[in-house]
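*Asks:* Before I ask anything, let me first share the structure, which is written out below as structure tokens.
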Amino acid sequence: MDNSDEEFSVLTRRLFLLAFHSLRPVRYKLQIDYSSIQRSSLIREDSSTVTVEGLNPGTEYTFSIIRIADNGNQSKATSLSVFTEPSPPAKITVDQISSESVSLSWDPPAGEVESYTVTCCSEGETEQVLTTDANNQTFSNLKPGVCYSLQVSAQLRNGRRSKPAVTAATTKTHLQSFLKDLGLEQHYTEKLSLNTILQIDERTISDESIKCNSDLPWYFLKKLMMVNVTARNMKCTSACESYCDDPSGNTELDLNDQFDSQHSDDMLNPLDIITALFLCSDAFVQQEMALKMSMCQFSVPLLVPNCDTKQCTLMLWAMRDIVKRYRPQSLSESKGFIGQRIVFSELPMISFVRLGECSLSKSEILNKLLSNSQQYHDTFVHCNMECGDSPRRISNGLVEMTWYLPCGNKNMDIFSEPVAVANLHGDIASFETQFSFLCQTSAAVFVFFDNLDSECELLTNQHHKAQIFLVGNHQSKHFSLDAVKKMATKLGLNNSNILLKTKQMNDADFVKNLQRTVNNVVENSKMKMQIEQMADIAHKLGILVDEDSSECQTAKKNADAITAEIQDILTYKDTQLPLQGQIWKELTRLEKEQFRLQNVGSQNVEKYKSDLEIQKTELRDKQNSCDMSNAMTCFINAISSPGVERCYFLKWMRMNLDNISRGKLSGLREQYKKKCKKSENKEEIKEIDRQLSNSSLGTEHFFREMGQIYETSLSRQETHPSR
């Protein structure tokens, strides 16, 4: 090839390469400069979409975009300003919840926040919208027991608003809020037990004053278990400190401060505390509290309300352990008395209720009604007692009960016959179920009122088994004599069924008039009912009964199956508890002699012990010849049941056996007292003492029989089937 051909070939290759490069796409880079406070730069290759990370939320950024080609050519800069999405407030927390308020707080989001918008919603409806500069907010005037949706959004200074952070909170019910104040919130589900309240600790043995509301229930329980009649006098020391001098030495009297301190919201009504304790205690604590309250001559809860569920409970089980003794006029000459469990006592019940507002203190008048002139006692809590004027928060609807039991002395007895007295706290317009219950179980219902115009239908709509008495204050500005006459006509009442406190009548005269009216009802009424019989009426009205639990009913059935067979105690012990007879007494005598060796005399000690052992073996063989009785089989099966049912069973057994023994033993004790006073024949006294011993029958006899069965079985060889 000559030179000209070679040059042409090189030129051709160059043209080909140039043409190839002209057909290939031009490569370029994007240079992105963006800034807010500090300037940053980002370069990405071969991409028409770029994600910029690490930016601050809620911030304005200015972007400058330049395209740089491979050959170095640059496009003109394109500018763009955008805001990043603001972050919502973080870690939104509900700090406090009460029955009417919710407090929440949150962490501020990134960016300069100008304000927060806080929204409270319920069931899709906006309830409240609040604006605040702080990172916390409290919603007030809420409804108790309602679930609220709470939303918090941030308003930034640049005008941007974040998406809302959302949480939910349910306001406490009135009951939950009150129990929290008392420190009893957890015990509403985990009930207080006897193990807890009878535990001896530092709080039990100290006599410190009440410093906060959470001390109140424990103070009451401590005093009540000691049968201290001041148990209901409960006031925090903090509520009284305003009477002290100023620490700076300023002793100037500020009447406004005194007024505020005397009406402090910190003071709680004793009825609320008692109601809370009954709601937070198991059946055995309730029974113990009712017994001790009766011993202190306090009124005892008959119907306990639950302000959350709007239901009440008949406290039949709680009152089963109360035993009362009294002497009606019919036994005054013989000096005898009647003693029995109050739930079995067939007594007329007189109920006292309030309709609307009433200027008369019903509970205080009741206390005067049940007290003679020399022995006044605050059976019922009233407004003039310590903390009795504090607003009731959970005890409205509570029905309390007490008993007036005569002693047989005409000069002292207010009523000649025993009578039960019930007192409903609260307006019957709000508690129609309790009012209906009292109308169907009482011999008479005394309705205290000031104004009869507004709720007159409530009295006429009831199916009354009880006599109705209207008790009004003629001096009240709301009193209307015409309204009383109209109501009396509707109810068919005569003048004796209307008691009015006039200007000319003081409290003492009014109470005496009321006593005469009640005494007339008690002496002439044929309407008498046991508390046990009230359970049927309670069920018809939808009232719960504390004995309705399956454990209680099963235990009752098991206990009744054993005690129903007891006709004569002495015969029953011989047939059903045979191992505790004369053989057992002889065995105990031999065991004592084995250790004391009082009668060994001049005999060989080892031989003497051997003879005693032989005698014991012979007695054990006689015991082994007895089969286990049907009663003991049932008893062992019943106490082998789960814990709560076993406790119910043992309590039912004790009460049933006490009921059986009481009739027999009371007569023998009276004979024993008479014989001892007259110092008659010692043999007769000894015989009565023997009968007393033989007539007693309690759960301890059944446990003793179990012990004898066990010891008798151990006396046999290990291979014997009975072991």
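*Asks:* Per residue, how much accessible area does the chain have with a 1.4 Å probe, in Å²?
*Replies:* Here the residues of the chain average 55 Å² of exposed surface.
*Asks:* If eta is 1.306 mPa s and T is 10 °C, what Stokes-Einstein diffusion coefficient results for the range 569-668, Kirkwood Rh from Cα pairs, in µm²/s? If you can, show how the numbers build up before the last one.
*Replies:* Details: Rh = 16.8 Å.
Estimated diffusion coefficient is 94 µm²/s.
*Asks:* Label points 7 Å out from Cα along the Cβ direction at Phe83 and Glu202: separation in nm?
*Replies:* My value for the distance between the label points is 5.8 nm.
*Asks:* For the chain, what is the relative contact order in percent, using Cα pairs closer than 8 Å and at least 6 residues apart in sequence?
*Replies:* 8 percent.
*Asks:* Based only on Cα atoms, what Rg/Rh ratio does the range 443-544 have, Rh being taken as Kirkwood's radius?
*Replies:* 1.01
*Asks:* Follow-up question, since we're still on this one. Quote the charge dipole size of the range 271-337 about the Cα centre in Debye, to the nearest 20; the model charges only the Cβ of Lys and Arg (+1) and of Asp and Glu (-1).
*Replies:* Once rounded to the nearest 20, the dipole reads 360 debye.
*Asks:* Send over the semi-axes of the range 261-332's equivalent ellipsoid, whole angstrom and largest first, taken as the square roots of 5 times the C-alpha gyration tensor eigenvalues.
*Replies:* Computed over the range 261-332, the values are 28, 18, 11 Å.
*Asks:* I've got another one for you. What number, in percent, do you get for the relative contact order of the range 276-429 if the mean sequence gap of Cα pairs under 8 Å and at least 6 apart is divided by its residue count?
*Replies:* 29
*Asks:* Also: If you take every DSSP beta bridge whose two residues both sit in the chain, what share of them, in percent to the nearest 5, is antiparallel?
*Replies:* Numbers: 72 of 96 bridges.
Percent antiparallel among DSSP bridges in the chain is about 75.
*Asks:* Something else about it: Tell me which residues come under 5 Å, amide H to amide H, from Glu114 once H is placed; ignore anything under 5 positions away on its chain.
*Replies:* Placed amide hydrogens put Gln155, Leu156, Arg157 under 5 Å from Glu114.
*Asks:* Could you grab the relative contact order for the range 550-703? Cα pairs under 8 Å, six or more apart, rounded to a whole percent. Provide the component values of the computation, followed by the final result.
*Replies:* Details: 100 pairs, mean separation 57.7, N = 154.
Relative contact order of the range 550-703: 37 percent.
*Asks:* Might you report the magnitude of the Cβ-based charge dipole of the range 571-689 about its Cα centre, with Lys and Arg at +1 and Asp and Glu at -1, to the nearest 20 debye? Display every interim value, and only then the final one.
*Replies:* Details: 23 positive and 18 negative charges, 145 e Å.
Dipole magnitude for the range 571-689 comes out near 700 debye.
*Asks:* Rounded to the nearest 0.05, what FRET efficiency is calculated for Arg157 and Lys211 with R0 set to 51 Å and r the Cβ-Cβ distance?
*Replies:* 0.60
*Asks:* Same structure again: Averaged across orientations, what area in nm² does the convex hull of the alpha carbons in the range 470-603 project? Before the final figure, lay out each step's value.
*Replies:* On the way: hull surface 79.0 nm².
Across all orientations, the range 470-603 yields a mean hull projection of 19.7 nm².
*Asks:* Per residue, what volume in Å³ does the Cα convex hull of the range 531-572 take up? Don't skip to the end; give the middle numbers.
*Replies:* Working: hull volume 3.8 nm³, N = 42.
Residue-normalised Cα hull volume stands at 91 Å³.
*Asks:* Give the long-range amide H neighbours of Ala231: residues separated by 5 or more places, or on another chain, with amide H under 5 Å away, using H modelled in the peptide plane at 1.01 Å from N.
*Replies:* Amide H to amide H, under 5 Å and 5 or more residues apart or across chains, Ala231 pairs with nothing.
*Asks:* Also: I'd like to know which of Pro164, Leu192, His174 lies farthest towards the positive end of the charge dipole of the range 149-196, counting +1 on Cβ of Lys and Arg and -1 on Cβ of Asp and Glu.
*Replies:* Checking the options against the dipole of the range 149-196, the answer is Pro164.
*Asks:* Please report the net charge: other residues with Cβ closer than 15 Å to the Cβ of Ala444, K and R +1, D and E -1. The partial results should precede the final answer.
*Replies:* Values: positive: Lys362, Lys465, Arg516, Lys526, Lys528; negative: Glu417, Glu523.
Once positives and negatives cancel, what remains is +3.
*Asks:* On a C-alpha basis, how far is the centre of the range 104-143 from the centre of the range 631-661 in Å? Whole number, if you could?
*Replies:* Distance between centres, Cα-based: 59 Å.
*Asks:* While we're on this one: Can you list, largest first and rounded to whole Å, the semi-axes you get for the chain by taking the square root of 5 times each eigenvalue of its Cα gyration tensor?
*Replies:* 79, 46, 24
*Asks:* Of the heavy-atom accessible surface of the chain (probe 1.4 angstrom), what whole percent is carbon and sulfur?
*Replies:* Ligands and nucleic acids excluded, carbon and sulfur reach 47 percent.
*Asks:* Helix hunt in the chain: which complete DSSP H runs extend at least 24 Å axially by C-alpha with mean Kyte-Doolittle at least -1.0? Intermediate results must be reported in sequence, preceding the final value.
*Replies:* Details: long enough: 3-23 (31 Å, 0.20); 507-524 (26 Å, -0.66); 605-624 (28 Å, -1.73); 643-678 (50 Å, -1.03).
The answer, listed by residue number, is 3-23, 507-524.
*Asks:* May I pose another question? In the structure shown, do any of Lys324/Lys573; Lys616/Lys664; Lys485/Lys528; Lys191/Lys310; Lys585/Lys674 have a Cα-Cα gap over 25 Å, and if so which? If you can, show how the numbers build up before the last one.
*Replies:* Working: Lys324/Lys573 28 Å; Lys616/Lys664 35 Å; Lys485/Lys528 30 Å; Lys191/Lys310 20 Å; Lys585/Lys674 30 Å.
Lys324/Lys573; Lys616/Lys664; Lys485/Lys528; Lys585/Lys674, as the Cα separations exceed 25 Å there.
*Asks:* Which of the three applies to the range 378-449, rounded, prolate or oblate, going by the alpha-carbon gyration tensor with a ≥ b ≥ c and a/c under 1.5 meaning rounded?
*Replies:* Values: a/c = 2.92, a/b = 1.42, b/c = 2.06.
Verdict is oblate for the range 378-449.
*Asks:* Taking Cα centroids, how far is the range 385-404 from the range 508-581 in Å?
*Replies:* Result: 25 Å between the Cα centres.
*Asks:* Can you give the calculated 222 nm mean residue ellipticity of the chain, where each DSSP H run of n ≥ 4 adds -39,500 (n - 2.57) and the sum is split over every residue, rounded to the nearest 500 deg cm²/dmol?
*Replies:* Estimated from H runs of four or more residues: -11500 deg cm²/dmol.
*Asks:* Heavy atoms only, probe 1.4 angstrom, no DNA, RNA or ligands counted: give me His474, His377, His382 ranked by accessible area, highest first.
*Replies:* So, going from the largest accessible area down, we get His474, His377, His382.
*Asks:* Looking at Phe284, Leu438, Leu668, which one has the Cα that reaches farthest to the positive end of the dipole of the chain (charges on Cβ: Lys, Arg +1; Asp, Glu -1)?
*Replies:* It is Leu668, whose Cα lies furthest towards the positive end.
*Asks:* If you don't mind, another one. Rounded to the nearest 0.05, what FRET efficiency is calculated for Gln598 and Ser666 with R0 set to 41 Å and r the Cβ-Cβ distance?
*Replies:* 0.60
The values are calculated or read from the model by the stated rules, or taken from the named source; none is laboratory data. Just so we're clear, the structure is a prediction, and the values are computed from it rather than from any experiment. Reconstructed Cβ throughout: ideal geometry from the backbone, glycine too, with neighbour counts over all protein chains shown. Accessible surface is based on the protein model in full, side chains and every heavy atom, while ligands, DNA and RNA are left aside. Shrake-Rupley method; radii C 1.70, N 1.55, O 1.52, S 1.80 Å.
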